[in-house]
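**Q** So that we are looking at the same thing, I have put the structure below in structure tokens.
The values are calculated or read from the model by the stated rules, or taken from the named source; none is laboratory data. Just so you know, these numbers come straight off a predicted model, no measurement behind them. Cβ coordinates were reconstructed from backbone atoms using ideal geometry, including for glycine residues, and neighbour counts include every protein chain displayed. Surface areas here come from the heavy atoms of the whole protein model, side chains and all, with no ligands, DNA or RNA. Shrake-Rupley method; radii C 1.70, N 1.55, O 1.52, S 1.80 Å.
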Amino acid sequence: PQLCEPYPLKDSNRLVEEYMLMANYLVAQRLITHAGGLALLRQHPPPLELGLGEVAQVAQGLGLHLDTANSASIQNSLRRISHECTDDVILQGITELIMAPMQPAEYIAAGAVDDPTQWRHFALNIPYYTHFTSPIRRYADVIVHRLLQATLDGPQAVKEYYQRMDEISNVTDHCNDKRMAAKKAQERSDRVFLSLYLREHPIKSAMGIVVSVGEKSFTVFVPSLGLSARVNLEVHEHLIYEPIGEIRRKIIVRRRGGGAEDGEEGPMWTGGSEPLEIRVFAKIAVACICKETSPIDVIVKLVGPWSQ
């Protein structure tokens, strides 16, 4: 790999996405009204309330109001915050935090659930949705195309459709399992390629924004790489740390007496002798390197305060 950076979304990407979302929505509508319980849908449950509430509290601590009532209010809040907050990195940090309590979307057969409200897609804020636009790479779309054709051929074709509702439900379970496996494989592949890039091009100092804090570690988001990683302070032998608080936890980090750098085993410490406060949305300097032992992975280490 010669370059690693987040993929920028252009207006053309968004335009195509809007048309695809509308097509999928209208096909789901057609299947529900003409195929009933056979309709293969894509439902997205609401996020975990506790996790989303914690994000709202963190934003409130910054003087920013985040309405988490539904996906539309979240999107409107993010749009408003983007105008109120002059720091784009804070907005990226809030967006990253919102993703944590989100639950995965799943395929279902419409007749497999008792309550039609369970068809709802939270992220899109619509009552039903399906996958229709990519039959060359998703088997669920193939089933949707077959069902749609049956509804176009007439009520008798739907009645004689070769799969029963329970069979379609079994297909959705299989598709969910394979989609999750594919997602994990893609994420691992991305991580391997990033690791290989950092092996040849280690980053000695990059800005990171803290998105969660534990007792001995914290999670940092590195905007320049689109990377979220856990930083384990126990491996920073040149630092001493002290966790403070329970609800609004933070960690005070100081350099251990002695030299100001790690030498060959780690990055240069730029914090001097002053304590560094690790708290949510704090900007810090981190080094991103490739793990030397198997399995290959990315290691993020604390370098010091961010001063640029």
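**Q** Quickly run through segment 1-47 and pick out the residues that are among the hydroxyl-bearing types (Ser, Thr, Tyr) and within 29 Å of Asp166 (Cβ to Cβ).
**A** Result: Tyr25, Thr33.
**Q** At pLDDT 85 or above, assigned to a loop (DSSP other than H, G, I, E, B), of a type in the set (A, V, I, L, M) and surrounded by 12 or more Cβ atoms within 10 Å (Cβ to Cβ): which single residue out of Val303, Val280, Val253 fits that description?
**A** Sole residue among the options that is at pLDDT 85 or above, assigned to a loop (DSSP other than H, G, I, E, B), of a type in the set (A, V, I, L, M) and surrounded by 12 or more Cβ atoms within 10 Å (Cβ to Cβ): Val280.
**Q** I want to confirm something. Restricting to segment 57-81 and keeping residues that are closer than 11 Å to Ile94 by Cβ and under 17 Å from the mean Cα position of the chain (by Cα), which single residue is surrounded by the fewest Cβ atoms within 10 Å (Cβ to Cβ)?
**A** Leu78
**Q** Any residue in segment 1-20 that's at pLDDT 95 or above: show its pairings with residues that are open to solvent by less than 80 Å² (accessible area, probe 1.4 Å) at Cβ separation under 9 Å, as long as the two are six or more apart or on different chains.
**A** Listed by first residue and then by second, the contacts come to Tyr19/Thr133; Met20/Phe132; Met20/Thr133; Met20/Ser134.
**Q** A follow-up question, please. Go through the residues of segment 188-198 one by one and say whether even a single one is of a type outside the set (S, T, N, Q) and either closer than 30 Å to Ile143 by Cα or assigned to a strand (DSSP E or B) (or both).
**A** Yes, that holds for at least one residue.
**Q** Taking interchain pairs and intrachain pairs at least six residues apart, which have beta carbon atoms under 7 angstrom, with the first residue in segment 153-173 and in contact (Cβ under 8 Å) with a residue 40 or more places away in the chain and assigned to a helix (DSSP H, G or I) and the second among the polar types (S, T, N, Q) and open to solvent by less than 30 Å² (accessible area, probe 1.4 Å)?
**A** Qualifying pairs under 7 Å: Val158/Thr151.
**Q** Residues in segment 97-111: is at least one open to solvent by 30 Å² or more (accessible area, probe 1.4 Å), more than 22 Å from Gly53 (Cβ to Cβ), modelled with pLDDT of 90 or more and polar (S, T, N, Q)?
**A** Among the residues of segment 97-111, not one is open to solvent by 30 Å² or more (accessible area, probe 1.4 Å), more than 22 Å from Gly53 (Cβ to Cβ), modelled with pLDDT of 90 or more and polar (S, T, N, Q), which makes the answer no.
**Q** Of all residues in segment 138-149, count the ones that are open to solvent by 10 Å² or more (accessible area, probe 1.4 Å) and in a helix (DSSP H, G or I).
**A** So the answer is 6.
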